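Okay, structure first, notes after.
The values are calculated or read from the model by the stated rules, or taken from the named source; none is laboratory data. Quick caveat: nothing in here was measured; it's all calculated off a predicted structure. Note that we place each Cβ from the backbone using ideal geometry, even for glycine, and neighbour counts take in every protein chain shown.
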Amino acid sequence: MEKKKNNPLIHILLFRNIVGGLFGSLTHVLILSIAESFGLSTSELGGLLSANYVASIVMPLLAGRLGDLFGKKRVVIAAMIVSIMGSILVIVSPTAEIYVIGIIIGGLGGSAENSVLTPAVADTYPEKAARYISWMQVFGSVSGIVSPLIVNYFNLTLGLGWRQIKLISLLILLIPYVTLFFIKIDARKEGKTARGLKEVLKLLSDPALVLGAVTMLFYCATDNTYSNFVSIYYQERFGSLTSGALALTLNSAMYAFSRFMMGLIKKNRKRIAAVSLLISAAAMLLLAFAKDETVALIFGTIYSLTFAPAYPLVISDAAVNYPGNSATATSLMFMAAGVGCMLITTPASLIAGTKGVGTLFIILSATSIVSMVLYMLYVNANNRKNRKESDEEGQKD
């Protein structure tokens, strides 16, 4: 296997994630200003933007399949052009409808980029895939923590409107975009790309890949629901807006720290991730019954710290274990994650509204355990797959 130690791809992607994270909260922070510029309420604009959620679920698998068939770099370049077009449409949008179309187009481009660039990292650095994929998320998370401060600085201190801030973010993002044009992105030579419906269906029905997708579905349904309702939990139980904001900040910080540390660990990563998921389930259950605000923050922080590690390991395993089809395998994980987030939104809101967020968190403790069991099954299925392939190669020799 050829090692591409001098390929600067990872450095460019880390910079891209930093820039994306720094301005990622623009819509959330300035949604009132954006809505007012089109004569809408924030709820009306939020409802329109929800269309982007469904579109982003469909795009990953399509982009991943095209990346495996026609080359990841071609798809990346096409996706970047789509992202830029979406951003330009947002900046010049005269109406809310054009704005939302721009957001959706940009979301499709960004989703396609992630679906192809993540497996590109695994193809380029197979021995360090888990570390680099973890760090890509860390860099995005860390910059995401300070993103509201950056957006508010540009808006309140410098007096820039949301269109001007969006333009600045696009201009900075062009630096990694243009650089990627000159970077070599190759598929690993040892894999055979699935072609034709029969081969693709065989790939998508691979037991390990299916288990990985189901793991991501439960994992991201749990993760997304906690993030959406943790602030409401502190308001509902303790009447505290401050603790809710602090819990969200700690959630992002612990995710970044945990995934950074997992990138440094070389042995027993999967065992640590499985045990961490079990601890996270216990912490979530204790959080649901917490009577003291400080104790609740402690259990919430433990949950965030221990729930985070599994995600990049599932993604990197999918990318590394299916050479020739790494983008398809990875994009299936992303699609399952999006489906999990979408499916749980309505029932989670119903449970929180009728039974309270504490009851919802008890259910999330159970889904954390389900995630752990599925992850262990996924790891075992991958181990069996790798042993079988090694035995077949040994027989050929």
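Being in a loop (DSSP other than H, G, I, E, B) and in contact (Cβ under 8 Å) with a residue 40 or more places away in the chain is the filter here, so list the residues in the stretch 94-112 that pass it.
Of everything in the stretch 94-112, just one residue is in a loop (DSSP other than H, G, I, E, B) and in contact (Cβ under 8 Å) with a residue 40 or more places away in the chain, namely Thr95.
Residue-by-condition table, conditions (1) under 27 Å from Ser252 (Cβ atoms); (2) in the same structural domain as Thr242 (by TED's automatic domain parsing); (3) not basic (Lys, Arg):
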site: Tyr322; (1), (2), (3): no, yes, yes
site: Leu332; (1), (2), (3): yes, yes, yes
site: Gly340; (1), (2), (3): yes, yes, yes
site: Arg384; (1), (2), (3): no, yes, no
site: Arg387; (1), (2), (3): no, yes, no
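Of all residues in the stretch 184-199, which are surrounded by 17 or more Cβ atoms within 10 Å (Cβ to Cβ) and either among the β-branched types (Val, Ile, Thr) or part of a helix (DSSP H, G or I) (or both)?
Listed by number, the residues that qualify are Ile185, Thr193.
Go through (1) in a helix (DSSP H, G or I); (2) farther than 30 Å from Phe70 by Cβ and name the single condition Leu160 misses.
It fails just one condition, (1).
Determine which single condition Lys291 fails, assuming it passes every other condition in (1) free of Cβ contacts under 8 Å to residues at least 24 places away in the same chain; (2) crowded, with 20+ Cβ neighbours inside 10 Å; (3) not hydrophobic (A, V, I, L, M, F, W, C).
(2)
Taking only the stretch 150-161 into account, find how many residues are surrounded by fewer than 12 Cβ atoms within 10 Å (Cβ to Cβ) and closer than 14 Å to Leu22 by Cβ.
0
For the structure I just gave you, tell me whether Ile81 is surrounded by fewer than 20 Cβ atoms within 10 Å (Cβ to Cβ), assigned to a helix (DSSP H, G or I), at negative phi and over 17 Å from the mean Cα position of the chain (by Cα).
Spelling it out, Ile81 is indeed surrounded by fewer than 20 Cβ atoms within 10 Å (Cβ to Cβ), assigned to a helix (DSSP H, G or I), at negative phi and over 17 Å from the mean Cα position of the chain (by Cα).
Of the residues that sit in the stretch 24-45 and are closer than 12 Å to Tyr99 by Cα and small (Gly, Ala, Ser), which one is modelled with the highest pLDDT?
Ser37
Looking at Ser243, Ser252, which one is in contact with a Leu (Cβ under 8 Å, 6 or more places away or on another chain), in the same structural domain as Leu297 (by TED's automatic domain parsing) and polar (S, T, N, Q)?
Just one listed residue meets the conditions, Ser243.
Would a scan of the stretch 224-232 turn up a residue that is over 22 Å from Val142 (Cβ atoms), assigned by TED's automatic domain parsing to the domain that holds Ala288 and crowded, with 18+ Cβ neighbours inside 10 Å?
yes
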